[in-house]
Amino acid sequence: MLSINSNELISMLAAFLWPLTRILGFISVAPPFGNSGVPVQIKIALGVMLALIVAPTLEPLNQIDMLSIAGIMILMQQFVVGLAIGFMVRLVFAGVEMAGEIAGLTMGLGFATFFDPNTRGRSSAISQFLVILTSLLFLALNVHHALFEALVMSFKTIPISTHLSMGFSVLKLAVWAEEIFKTGVMLSLPIVAALLITNIALGILTRAAPQLNLFGIGFPITIGVGFLMLDMILPYLALPLEATFQHLLDAINNLHR
């Protein structure tokens with residue numbers, strides 16, 4: 001007859017809860033899993049399923065009480081590590097949002113804003129369009145599968161331990177924040193360049209024919225050129241976004257010290 005004492009039961013529960021905490025920290029932040037539109041029950045079920053797969057593959061710690069100070073510290077560390085990995089994914093989507101904001105402001109659509117339930121803030125129409133497009137490409141390229149694989153591999157590169165250090169490089173995480181500006185400028189640059197040329201042409205036209213109403217013809221032209229450029233670059237957005245996703249996976253795998 002199989003018998004399990006209380007210490008063994010606590011050790012088994014701790015070996016399951018610690019990876020579950022890291023996985024739930026990741027799912028709660030990383031889009032599209034962390035979006036408010038995803039039910040909490042789905043997030044918890046996904047986290048439990050992944051933890052059941054990961055927990056048996058991890059090396060057991062030396063009889064650490066889950067309710068002790070060391071056990072609670074490990075629990076907090078795992079949650080912070082999961083948040084850090086999910087935050088890296090969130091920064092990529094923040095860069096896409098920034099690209100939409102830059103393009104929308106340059107086109108003259110700065111007032112065309114909507115309430116974004118994910119960020120609970122203001123978001124432009126172009127920004128929401130690009131985020132939706134990026135999310136669809138994210139799923140079409142199976143990046144979510146690669147992210148889960150990178151999350152599982154993080155238990156080997158950033159193992160669960162009793163050390164006070166988190167196990168990952170905070171400097172690498174801070175440097176990764178530049179991805180917001182890099183992605184935002186890279187995606188919006190064609191539209192901004194085309195609208196810059198358009199505004200220069202309108203300025204020359206206004207000087208040549210002062211009787212023209214710049215406000216009457218300027219805004220329709222800039223908006224039209226912006227939408228035309230957006231339509232032209234859509235077929236080519238997959239390449240830079242795919243490169244950004246690959247760069248993200250490499251950064252997650254190299255997040256350890």
Handout entry: Yes/no for Val80 being aliphatic (A, V, I, L, M), assigned to a loop (DSSP other than H, G, I, E, B) and under 17 Å from the mean Cα position of the chain (by Cα)
Key = no
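Sort through Thr222, Thr183 and tell me the only one that's more than 27 Å from the chain's Cα centre (by Cα) and polar (S, T, N, Q). Don't jump to the end; show me each part of the working.
Numbers: Thr183 fails: more than 27 Å from the chain's Cα centre (by Cα).
On inspection, the qualifying residue turns out to be Thr222.
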Practice task
Return yes or no: is Ala193 over 14 Å from the mean Cα position of the chain (by Cα) and modelled with pLDDT of 85 or more?
Solution key: yes
Exercise for the section: Please verify whether segment 58-68 includes one or more residues that are in a helix (DSSP H, G or I) and either in contact with a Leu (Cβ under 6 Å, 6 or more places away or on another chain) or more than 22 Å from Gln128 (Cβ to Cβ) (or both). Expected result: no
Fill in the blank from the handout: Within segment 122-165, the residues that are without any contact (Cβ under 8 Å) to a residue 40 or more places away in the chain and not hydrophobic (A, V, I, L, M, F, W, C) are Arg122, Ser123, Ser124, Ser127, Gln128, Asn142, His145, Glu149, Lys156, His163
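Step by step: first the residues of segment 130-185, then only those that are outside any helix (DSSP H, G or I) and at pLDDT 90 or above, then the one that is surrounded by the most Cβ atoms within 10 Å (Cβ to Cβ). Which residue is that?
Residues of segment 130-185 that are outside any helix (DSSP H, G or I), as a first pass: 141-142, 158-169, 176-177.
Now restrict to residues that are at pLDDT 90 or above: 141-142.
Working: Leu141: 15, Asn142: 9.
Only one residue fits best here, namely Leu141.
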Exercise for the section: Could you list, in sequence order, all residues of segment 220-252 that are acidic (Asp, Glu) and either in contact with an Asp or Glu (Cβ under 9 Å, 6 or more places away or on another chain) or surrounded by 13 or more Cβ atoms within 10 Å (Cβ to Cβ) (or both)? Expected result: Glu242
Handout entry: Within segment 59-77, considering residues that are free of Cβ contacts under 8 Å to residues at least 24 places away in the same chain and closer than 23 Å to Leu151 by Cα, the one farthest from the chain's Cα centre (by Cα)
Key = Ile72
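Does Ser188 satisfy being modelled with pLDDT under 85, among the polar types (S, T, N, Q), outside any loop (DSSP other than H, G, I, E, B) and on the phi < 0 side of the Ramachandran plot?
Working: modelled with pLDDT under 85: no; among the polar types (S, T, N, Q): yes; outside any loop (DSSP other than H, G, I, E, B): yes; on the phi < 0 side of the Ramachandran plot: yes.
Here the answer is no, as Ser188 does not meet what is asked.
The values are calculated or read from the model by the stated rules, or taken from the named source; none is laboratory data. Being a predicted model, the structure only gives us computed values, none of them experimental. No Cβ is skipped: glycine too gets one built from the backbone with ideal geometry, and neighbour counts run over all protein chains shown.
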